[in-house]
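A.B. asks: Structure incoming, see below.
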Amino acid sequence: MRPVLHVLYAEDNPVDADLIRSHFARTAPDFGLEIVHRAEEFLPLARTRRHAALLLDQHLPDMDGLEVLKILAQEGIDTPVILFTAASDGELASQALRLGADDYVPKRAGYLETLPQNLRDVIERRRRQPAAGRAPRARPRRILLIEDRATEAALLVEQLATAAPHLTIETLPTPARALARLEIDPEFDLIIGDHRPPAINALELVAAIRAQPRRTPFLLVARAAADDTIVAAFKLGASDCVLKHDGYSAELALRIDLAIDRHELMLANERAAAELTERQRALAALRESEKRLNLALDAGHIGLWSWQLGTTAVNFSSRWKAQIGYADPGIRNDFSEWKNHCHPEDFARFHDLLARYIAAPWRDFSTEYRLRHQDGSWRWFLLHADLELDADGRPVRMIGSQIDVTTLKQQQAELTSASARLQRLSRRLLAVQEAERRHLARELHDEIGQILTVAKIHLQSAALAARATPAAAGIQEPISLLDRLLSQVRSLSLNLRPPLLDDLGVVHALHWLLQQPQTRTSAPHVHLIADPNLRRYDAALETACFRIAQEAITNALRHSRATTINLTLTERDDVLRLVVQDDGVGFDAAAARARAESGSSLGLLGMHERALLAGGTLSLLSSPGNGTEVEAVFPLSKLSDSP
């Protein structure tokens with residue numbers, strides 16, 4: 001069973017309406033007729049656009065069919081229309097079809113029998129024709145006519161209404177009023193000027209119009225014009241010239257549409273040329289951008305690829321293939337090529353990472369892996385990728401880049417090896433330095449100190465023996481000198497390497513350090529806060545803590561002008577933390593770090609190096625006016641694992 005095709009029918013003759021209704025009921029039950037009798041009923045229903053076709057009688061009591069067609073064209077209602085007339089009229093048929101009617105049917109013998117099929121043909125033709133390819137209904141066109149003789153103007157408007165009902169004509173008597181009207185409303189499709197100097201000089205009018213930015217086409221009308229007048233009109237920018245003669249209104253109607261069509265075609269060509277120029281510019285910019293991209297890809301040795309998810313189809317760029325030594329045809333665009341060239345250990349990790357990324361994507365997917373080169377060597381590559389999603393947010397494609405980092409990997413390995421060698425050397429140098437300090441301290445204390453002590457004892461014995469002689473007074477001076485020398489040797493020995501550090505540990509050594517007398521009269525108060533349950537640690541770690549604390553306290557005493565220095569040593573969560581904090585003037589920590597990195601501040605550099613070699617880190621916080629804090633942190637678990 002066919003679906004019902006709803007048809008809107010405007011008919012003021014009840015007899016004709018009943019004839020068509022009964023005929024369709026008998027012969028075309030697939031049509032459903034909705035019959036109205038006036039245009040004011042027809043137009044609101046037509047605007048709903050819910051009908052498959054419109055049947056329209058030319059003679060309605062409130063408006064003729066051509067006027068209805070004109071309104072349909074103005075409002076862009078493109079439902080198929082068939083116009084009925086009581087008798088055949090070629091002029092009426094031409095006007096109806098020009099205004100957008102799809103068919104024209106005179107009410108003559110036999111028209112009812114063919115009407116249903118005519119309707120089906122019109123509907124099917126419209127259905128098959130794409131909307132973009134349909135010719136629009138004749139657009140109503142606004143015309144401005146400059147004519148000072150009211151009778152001729154009215155007659156011309158009446159003639160054009162018959163010949164070209166799609167034209168809407170507004171008449172003004174003078175060029176001045178026409179120019180003023182155009183200033184207010186420039187949206188006219190054409191201007192007609194009746195050239196009849198001196199009353200109306202259309203040449204001056206077209207010159208005045210062309211002097212302004214508007215580009216409305218101008219049609220000059222004259223009773224009789226010399227060649228020079230026509231030439232002058234065209235030179236000034238007139239679109240056409242029409243000579244008046246009997247019945248010229250029909251020619252004028254055609255020339256009006258022709259002038260407007262030519263003007264619209266010219267504008268369309270200009271737009272097309274501008275679009276073509278812009279497209280060519282965009283293509284040139286795209287080619288230049290592509291050229292720069294290719295240069296960047298070549299310079300960066302970057303290979304590109306794209307993988308259609310759910311398939312094995314992978315598109316490898318020629319650079320990607322060249323990265324592992326193959327020409328473009330040498331590798332198929334298939335995922336198996338990737339797998340076959342990837343190192344087995346790396347592919348298992350890469351495949352697992354890839355599956356997790358596709359299931360739950362994150363930003364900046366990247367990984368490193370090895371691919372086998374054509375020469376048999378393994379090359380390291382850095383991969384970056386992203387997902388392309390469909391309209392529903394599902395991943396459909398993966399695209400990415402690949403960079404050869406083999407040289408970088410080799411350099412990193414060499415740098416790591418060199419850094420390890422330097423650390424071993426630095427650790428050895430510090431160990432040798434501390435051993436030498438220990439040796440010198442022992443020599444000063446045990447050898448030189450003992451010799452000086454013996455010398456002092458001998459001098460004291462001599463002084464006692466010569467107590468009653470004049471020489472006794474001269475012996476006291478060397479004894480005093482030996483006392484001072486013994487004190488200096490003892491102090492130098494302890495500063496080189498306090499025995500407490502080796503015998504009792506870092507806490508006792510720090511207590512001794514803070515008890516040393518200060519030469520400044522306004523020396524700050526120095527406090528040590530240490531956990532009571534601190535244990536003994538590795539000798540290298542205890543030495544690093546002591547030397548860092550010694551350097552930090554020395555710097556604070558020399559430069560900070562502090563009133564208080566706090567030294568804290570704690571162990572929490574398998575981490576030993578040393579903090580030296582003062583309330584002094586502070587300094588620019590960033591500048592100090594820069595000087596240390598350039599080698600100008602060996603004390604700060606030495607603290608960093610000691611902390612690093614003991615398996616820890618050192619941080620420095622300071623700013624002018626806010627004091628200074630030096631913190632050394634040593635993870636004890638990592639220390640136990642370090643060589």
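The values are calculated or read from the model by the stated rules, or taken from the named source; none is laboratory data. Note that the structure is a prediction, hence the values are computed from the model and not measured. Note that each Cβ is placed from the backbone with ideal geometry, even for glycine, and that neighbours are counted across all protein chains shown. Ligands, DNA and RNA are excluded from the accessible area calculation, which covers all protein heavy atoms including side chains. Shrake-Rupley method; radii C 1.70, N 1.55, O 1.52, S 1.80 Å.
A.B. asks: Does F42 count as closer than 21 Å to R125 by Cβ, assigned to a helix (DSSP H, G or I) and open to solvent by less than 50 Å² (accessible area, probe 1.4 Å)? Before the answer, list the steps.
C.D. replies: Numbers: closer than 21 Å to R125 by Cβ: no; assigned to a helix (DSSP H, G or I): yes; open to solvent by less than 50 Å² (accessible area, probe 1.4 Å): yes.
Answer is no for this residue.
A.B. asks: OK, next. Exactly one of these conditions fails for T151: (1) open to solvent by 30 Å² or more (accessible area, probe 1.4 Å); (2) assigned to a helix (DSSP H, G or I); (3) at pLDDT below 85. Give me its number.
C.D. replies: Going through (1) open to solvent by 30 Å² or more (accessible area, probe 1.4 Å); (2) assigned to a helix (DSSP H, G or I); (3) at pLDDT below 85 one by one, T151 breaks only (3).
A.B. asks: Can you tell which of L304, L254 is open to solvent by less than 90 Å² (accessible area, probe 1.4 Å) and either part of a strand (DSSP E or B) or of a type in the set (A, V, I, L, M, F, W, C) (or both)?
C.D. replies: Details: L254 fails: open to solvent by less than 90 Å² (accessible area, probe 1.4 Å).
Only one candidate qualifies: L304.
A.B. asks: Let me ask another. Does region 354-371 hold any residues that are outside any strand (DSSP E or B) and surrounded by 15 or more Cβ atoms within 10 Å (Cβ to Cβ), and which are they?
C.D. replies: Quick first cut of region 354-371, residues outside any strand (DSSP E or B) only: 354-364.
Result: L354, Y357.
A.B. asks: If I go through region 615-633 residue by residue, how many of them are surrounded by fewer than 17 Cβ atoms within 10 Å (Cβ to Cβ) and in contact with a helix residue (DSSP H, G or I) (Cβ under 7 Å, 6 or more places away or on another chain)?
C.D. replies: Let us first name the residues in region 615-633 that are surrounded by fewer than 17 Cβ atoms within 10 Å (Cβ to Cβ), namely 617, 619, 621, 623-626, 633.
Retained after the next criterion (residues that are in contact with a helix residue (DSSP H, G or I) (Cβ under 7 Å, 6 or more places away or on another chain)): 617, 621, 623.
The total comes to 3.
A.B. asks: Sort out which residues of region 551-581 are touching a residue at least 24 places away in the same chain (Cβ under 8 Å) and within 18 Å of Y537 (Cα to Cα), and write them in order of number.
C.D. replies: Listed by number, the residues that qualify are T568, L569, T570, E571, D574, V575, L576, R577, L578, V579.
A.B. asks: What pairs can you find where one residue is in region 198-213 and of a type in the set (K, R), the other is in a helix (DSSP H, G or I), and their Cβ atoms are less than 9 Å apart, with a gap of 6+ or different chains?
C.D. replies: Pairs found: R210/L236.
A.B. asks: Can you pull out every residue in region 171-190 that is out of contact with any Phe, Trp or Tyr (no Cβ under 9 Å at 6 or more places or on another chain), under 23 Å from R149 (Cβ atoms) and either part of a helix (DSSP H, G or I) or among the polar types (S, T, N, Q) (or both)?
C.D. replies: Of everything in region 171-190, those that are out of contact with any Phe, Trp or Tyr (no Cβ under 9 Å at 6 or more places or on another chain), under 23 Å from R149 (Cβ atoms) and either part of a helix (DSSP H, G or I) or among the polar types (S, T, N, Q) (or both) turn out to be T171, T174, P175, A176, R177, A178, L179, A180.
A.B. asks: Does G330 qualify as being open to solvent by less than 80 Å² (accessible area, probe 1.4 Å) and out of contact with any Pro (no Cβ under 6 Å at 6 or more places or on another chain)?
C.D. replies: Numbers: open to solvent by less than 80 Å² (accessible area, probe 1.4 Å): yes; out of contact with any Pro (no Cβ under 6 Å at 6 or more places or on another chain): yes.
It is true that G330 is open to solvent by less than 80 Å² (accessible area, probe 1.4 Å) and out of contact with any Pro (no Cβ under 6 Å at 6 or more places or on another chain).
A.B. asks: Hey, another quick one. Take the residues in region 109-141 that are open to solvent by 60 Å² or more (accessible area, probe 1.4 Å) and of a type in the set (G, A, S), then tell me which one is modelled with the highest pLDDT.
C.D. replies: A109
A.B. asks: Within region 405-413, does at least one residue satisfy the condition of being at pLDDT 90 or above, hydrophobic (A, V, I, L, M, F, W, C), under 36 Å from the mean Cα position of the chain (by Cα) and under 15 Å from I302 (Cα atoms)?
C.D. replies: Restricting attention to region 405-413, the residues satisfying the condition of being at pLDDT 90 or above are none.
Scanning region 405-413 turns up no residue that is at pLDDT 90 or above, hydrophobic (A, V, I, L, M, F, W, C), under 36 Å from the mean Cα position of the chain (by Cα) and under 15 Å from I302 (Cα atoms).
A.B. asks: Does any residue in region 87-109 that is more than 14 Å from A53 (Cα to Cα) come within less than 7 Å, Cβ to Cβ, of a residue that is charged (D, E, K, R) and at pLDDT below 80 six or more places away or on a different chain, and which pairs are these?
C.D. replies: L99/R137
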